[in-house]
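The values are calculated or read from the model by the stated rules, or taken from the named source; none is laboratory data. If you're wondering where the values come from, they're calculated on a predicted model, not measured in any experiment. Please note: Cβ atoms are built from the backbone with ideal geometry, for glycine as well, and neighbour counts cover all protein chains shown. Calculation scope for accessible area: heavy atoms of the full protein, side chains included, ligands and nucleic acids excluded. Shrake-Rupley method; radii C 1.70, N 1.55, O 1.52, S 1.80 Å.
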Amino acid sequence: MSDLMGRRRARALARCVALALLAAVPAVLVLLYLNYDLRSARRTRLAASVTQQAALVRADMQMVLEGARQLGRAIARLPVVQALGPGCRQELRELLAELPPYAGLSVVDSGGRVVCSTDTGDDSTGDASAILAALRAAAAIPPVVVGGFTPGAGALGPTLALGVPFGADDPAGGRAVVVLGLSLDWLGRHLGASLAAAGGQTFVVADATGIVLARRPGRLEAGQSLPAELLPHVGAAQAGVAVLEGADGLERLAGFTRAGPPGGRLFVAVDAPVPDVMSELDRATWHGSLLVGLGALLSMWLAVLAGVRFVRRPTAALLDAARRWSAGDLGARARVPGPPEGSFGRLAAAFNAMAEGLGRQRAELLELNTTLEARVAARTRDLVASRNQLQVEIVEREKTEGELRQAQKLQAVGQLAGGIAHDFNNLLSIVTGALDLLRRRLGPAQAGAAALVENAAQAAERGVRLTAQLLAFARRQRLLPAATDLNKLVGDLPGLVAGMLGRDIAIRTSLAPDLWPALVDPGQLEAALLNLVLNARDAMPGGGTLSIATANVLVPDDVPAGPGVSPGAYVAVRMGDTGTGMAPHVLARVFEPFFTTKPAGSASGLGLSQVHGMALQSGGDVRIDSRPDAGTTVTLLLPRATGALAAPRAAVPRGLRILVADDDGAVRRMTCEILDERGHHPVAAADATQALAILEKDLADTGGSFDVLLADYVMPGMNGVALILMARALQPRMKALLVTGHAEFEGSETLRAEAIMRKPFTIAQLDERLQRMMREAQPEAAPAVAG
Ligand SMILES: Nc1ncnc2c1ncn2[C@@H]1O[C@H](COP(=O)(O)OP(=O)(O)OP(=O)(O)O)[C@@H](O)[C@H]1O
Ligand SMILES: [Mg+2]
């Protein structure tokens, strides 16, 4: 691991160094360019310098030649020389002693003969023939003629012959010449002294053939040939610069020019070494490059330091955090050095926020995962529960539908039975009325006839009960609901039925305290309870227990809709037996009229039909719970009454004046007979018109003497209700009682329940109704007809 890190570091370092060097390259290139530029400039300057020096040497040389010319002229003016006699030698010798630059002096005539010379056997003055040849060749006579190089001998060394022509031309064009042997050693010293000694410069003077005449001490010696590089320039007309290779092998620059009399017979060059100048530059360039390289390295090092401080450390912190996040540690946070508002600070904050978000999501996911099973289980439970609920609801619905069908069936049957019972009623009211009267009129002597009448009356009564039950079942019975104390009714029941039940059956009652009054027709309820008691008795042939209980019941608002009771307050009577119970198919049909399982003749099958019709018509309900061999419980629900309980009975009124209006003659007569029998004073009317006429007449005669109007409902012309309303207008004090076999009839809402009596009625019922009417009238003359 550390090996790997080491290698990585080394690689990074190498990269940095390479980068630094690369960065230094432009600077080095610039330096090299400057070097080259300086080099060129210096070279140009060097060239100018050597050219200038060459010009200086040339000028010196010209002065030497001028000196020679003036000296030659001076010698030529000497009379001995003018004479061209041999006597001039002495003169020349004396003169030469005063002239160190010259090694010898000669005078030569135009024919080339030496007139006199300071030479003593050697050739110090030099060869004059070349001078004479040049003179002859020249178009114009030059002031001084440069001759050739003479090696010389002895201490005088080599010389250069210079000729100064004088005198007139001879016929052949020749002239006498003063020849001066210029000492080349002197010339070398002279020129060298005036040449600046600096810069390692040397000079050379050569003749037209490239023979060295004078030079700064160096490789070359007088008499030698010029270096090969200079030779081509010897004849050049212009001054210039040439490149040489020095004795040390280094390059040199040589500036050259021509010197001497017009036509330039002499070649002058001054040279200087190039490397001495350039090596300085090269050194400076090298040092510069080195410094640039070092500078680049230093900058790079500083950059690396800054990078480590400002980039690598924050990056490493971010990387570390990222590695921990990827390893699953989402709680890790990137902590970068430096200010939080810096780039890395903001980057770290963004990454940290991202990690926090991821952490939150992961926690939620984990939470979801862990609760998933529980939620699935809960959901499954919910589903199972709702499926069960659904099944229950389906069963419930099927049951409700069954009940509805049953109710519809019962309603259809009820309509049929109700219609028949109504017609029967009218017939029976005649029969019972007639029998009633007959029974009262038969004296003790007619015991046989009385027994027959009794039989007929019993049968008729049974018929009345049957039609009453049928009408009750058809809910067409006119109920007379009143606030009734069920505890009292139920409490009286054991005494009433004890005789019917026999000893084997025990009766238990359980009466709820604070029982609400029920709004029910007490007579009908009593009949219903009797029916139930008889059924229980029949179901317990071997004896058992009959329990009767009362209770307050509240049916809450959320009871499902169906053919049951609507929500509200009810008073319940529950009658249970320990008898045979019922099979479901029996239970399903018990409310049907004429449905019985009992032997033919012993039962009509109308008992529960009456109970059912009465309960429903009262705004209540009846429910039966029964299973074979597990007994039966019948619950009657009756609406709670809000008014006060009915008052106890009063004495039967007698001697009332009663107007009987009935279109059925037999019924009318019967009714009048009964009223008469009960000590009242009936007046008969065949229809409403007649009744109204009687009332009007009575009003006129007596001021209104009728106590009660007994009106049949169905009459031709005007019905009973209309008659009652009109009669009430005539005699407001008079009570009215509508007699009808119909449960529903037009105008019923204008009459109070107490003002209606069902057909056929018994004498007892008539008594009871008249009694109630008169009681109400007693405290104040309140009308029985509803306003
Ligand atoms: N408490 C009960 N126990 C067992 N079965 C009963 C009970 N009450 C009624 N039943 C059954 O319901 C049938 C119908 O009863 P319902 O009272 O309507 O007529 P019934 O008693 O047969 O005749 P009726 O009442 O007219 O004399 C009965 O024949 C009987 O089979
Ligand atoms: Mg019965």
Yes or no: the stretch 307-314 includes at least one residue that is loosely packed, with under 13 Cβ neighbours inside 10 Å and either modelled with pLDDT of 85 or more or closer than 30 Å to residue 206 by Cα (or both).
no
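Being within 27 Å of residue 9 (Cα to Cα) and outside the structural domain of residue 188 (by TED's automatic domain parsing) narrows it down to one of 353, 316, so name that one. Explain how you work it out, then say what you get.
On the way: 353 fails: within 27 Å of residue 9 (Cα to Cα).
Matching residue, one of 353, 316: 316.
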Residue 147 surrounded by fewer than 17 Cβ atoms within 10 Å (Cβ to Cβ) and either modelled with pLDDT under 85 or touching a Cys at 6+ places or on another chain (Cβ under 7 Å) (or both): no
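Surrounded by 18 or more Cβ atoms within 10 Å (Cβ to Cβ), in contact (Cβ under 8 Å) with a residue 60 or more places away in the chain and either more than 30 Å from residue 396 (Cα to Cα) or touching a Gly at 6+ places or on another chain (Cβ under 8 Å) (or both): which single residue out of 588, 527, 572 fits that description?
Numbers: 588 fails: surrounded by 18 or more Cβ atoms within 10 Å (Cβ to Cβ); 572 fails: either more than 30 Å from residue 396 (Cα to Cα) or touching a Gly at 6+ places or on another chain (Cβ under 8 Å) (or both).
Just a single option satisfies the conditions, and that option is 527.
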Of the listed residues (89, 43, 93, 58), the one being at pLDDT below 85 and in contact with a Ser or Thr (Cβ under 8 Å, 6 or more places away or on another chain) is 89
Of the residues in the stretch 228-247, those that are in contact with an Asp or Glu (Cβ under 7 Å, 6 or more places away or on another chain) and either aromatic (Phe, Trp, Tyr) or open to solvent by 80 Å² or more (accessible area, probe 1.4 Å) (or both) come to 245
Taking the stretch 612-635 and the residues there that are aliphatic (A, V, I, L, M) and away from ligand 2 (no atom under 14 Å from the Cβ), the one that is farthest from the chain's Cα centre (by Cα) would be 630
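Any chance the stretch 633-647 includes a residue that's of a type in the set (Gly, Ala, Ser) and within 16 Å of ligand 1 (Cβ to nearest atom)?
Here is the first cut: in the stretch 633-647, the residues of a type in the set (Gly, Ala, Ser) are 641, 643-644, 646-647.
When the remaining residues are screened for being within 16 Å of ligand 1 (Cβ to nearest atom), the result is none.
Taking every residue of the stretch 633-647 in turn, none turns out to be of a type in the set (Gly, Ala, Ser) and within 16 Å of ligand 1 (Cβ to nearest atom).
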Query raised in the report: Given the structure, is residue 590 in the same structural domain as residue 547 (by TED's automatic domain parsing), in a loop (DSSP other than H, G, I, E, B) and under 60 Å from the mean Cα position of the chain (by Cα)?
Result: no
Taking the stretch 418-464 and keeping only residues that are open to solvent by 80 Å² or more (accessible area, probe 1.4 Å) and within 28 Å of residue 593 (Cα to Cα), one is left with 420, 423, 424, 427, 455, 458, 461, 462
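I'd like to know if the stretch 517-533 contains one or more residues that are more than 26 Å from residue 478 (Cβ to Cβ), modelled with pLDDT under 95 and out of contact with any Cys (no Cβ under 7 Å at 6 or more places or on another chain).
We begin by selecting, within the stretch 517-533, every residue more than 26 Å from residue 478 (Cβ to Cβ); these are none.
No, there is no match, as no residue in the stretch 517-533 is more than 26 Å from residue 478 (Cβ to Cβ), modelled with pLDDT under 95 and out of contact with any Cys (no Cβ under 7 Å at 6 or more places or on another chain).
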Just one listed residue, out of 588, 551, 615, is among the small types (Gly, Ala, Ser), under 26 Å from residue 468 (Cα atoms) and in contact with a Leu (Cβ under 8 Å, 6 or more places away or on another chain), and it is 615
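Can you say whether residue 545 is away from ligand 2 (no atom under 16 Å from the Cβ), closer than 14 Å to residue 573 by Cα and not assigned by TED's automatic domain parsing to the domain that holds residue 761, as far as the supplied structure shows? First the steps, then the outcome.
Values: away from ligand 2 (no atom under 16 Å from the Cβ): yes; closer than 14 Å to residue 573 by Cα: no; not assigned by TED's automatic domain parsing to the domain that holds residue 761: yes.
So residue 545 fails the test.
Looking at the stretch 393-416, is at least one residue in contact with a Phe, Trp or Tyr (Cβ under 7 Å, 6 or more places away or on another chain), modelled with pLDDT under 85 and either open to solvent by less than 40 Å² (accessible area, probe 1.4 Å) or part of a helix (DSSP H, G or I) (or both)?
Taking the stretch 393-416 as the starting set, the residues that turn out to be in contact with a Phe, Trp or Tyr (Cβ under 7 Å, 6 or more places away or on another chain) are 410, 414.
Remaining after also requiring modelled with pLDDT under 85: 410, 414.
Narrowing the set further to residues that are either open to solvent by less than 40 Å² (accessible area, probe 1.4 Å) or part of a helix (DSSP H, G or I) (or both) leaves 410, 414.
Among the residues of the stretch 393-416, at least one is in contact with a Phe, Trp or Tyr (Cβ under 7 Å, 6 or more places away or on another chain), modelled with pLDDT under 85 and either open to solvent by less than 40 Å² (accessible area, probe 1.4 Å) or part of a helix (DSSP H, G or I) (or both), which makes the answer yes.
Matching residues to (1) touching a Cys at 6+ places or on another chain (Cβ under 9 Å); (2) among the basic types (Lys, Arg); (3) assigned to a loop (DSSP other than H, G, I, E, B); (4) closer than 30 Å to residue 69 by Cα:
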residue	(1), (2), (3), (4)
229	no, no, yes, no
244	no, no, no, no
248	no, no, yes, no
256	no, no, no, yes
270	no, no, no, yes
288	no, no, no, no
Residue count, the stretch 315-335, condition over 30 Å from the mean Cα position of the chain (by Cα) and surrounded by 14 or more Cβ atoms within 10 Å (Cβ to Cβ), comes to 2
Residues in the stretch 603-623 that are closer than 13 Å to residue 572 by Cα and within 11 Å of ligand 1 (Cβ to nearest atom) total 0
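Considering only residues that are open to solvent by 60 Å² or more (accessible area, probe 1.4 Å) and more than 6 Å from ligand 1 (Cβ to nearest atom), which ones fall in the stretch 591-602? Break it down into steps so the answer makes sense when it comes.
Quick first cut of the stretch 591-602, residues open to solvent by 60 Å² or more (accessible area, probe 1.4 Å) only: 594, 597-602.
Listed by number, the residues that qualify are 594, 599, 600, 601, 602.
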